Amino acid sequence: TPRNQEKIEEEIGDLFFATVNLSRHLKCNAEEALRKANNKFERRFRKVEEKALERGSSVKDLSLIEMDILWDEVKREEK
């Protein structure tokens, strides 16, 4: 319902506010940290797409479990 959605948005907003406040307290640039996290996600997702193609598939055709397996593979390879 719209009221539930408003409540969810309010809670998510509070979570963002608290996270940015924590970041500020730790002298960390929240915007830069988010930018880096987005870049990392994009890099990993592209590798998942590549792995799917190498196996003759597309991420559109993968189940969530299969995508998760590839995601974990990519994470292990980055370490």
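The values are calculated or read from the model by the stated rules, or taken from the named source; none is laboratory data. Not measured: the values here are computed from a predicted model. Every residue, glycine as well, gets a Cβ built from its backbone with ideal geometry; the counts of neighbours run over all protein chains shown. All accessible areas refer to the heavy atoms of the entire protein, side chains included, with ligands and DNA or RNA removed. Shrake-Rupley method; radii C 1.70, N 1.55, O 1.52, S 1.80 Å.
Here is how the numbers come out for the structure above:
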read-out: Pairs with Cβ under 7 Å, 6+ apart, first in segment 1-19 and farther than 13 Å from Ala30 by Cβ, second charged (D, E, K, R) and open to solvent by 100 Å² or more (accessible area, probe 1.4 Å); value: none
read-out: Selection count, segment 12-30, where residues are open to solvent by 90 Å² or more (accessible area, probe 1.4 Å) and within 19 Å of the chain's Cα centre (by Cα); value: 4
read-out: Residues located in segment 37-79, provided they are open to solvent by 70 Å² or more (accessible area, probe 1.4 Å) and either touching a Ser or Thr at 6+ places or on another chain (Cβ under 6 Å) or hydrophobic (A, V, I, L, M, F, W, C) (or both); value: Phe41, Leu53, Leu64, Ile65, Ile69
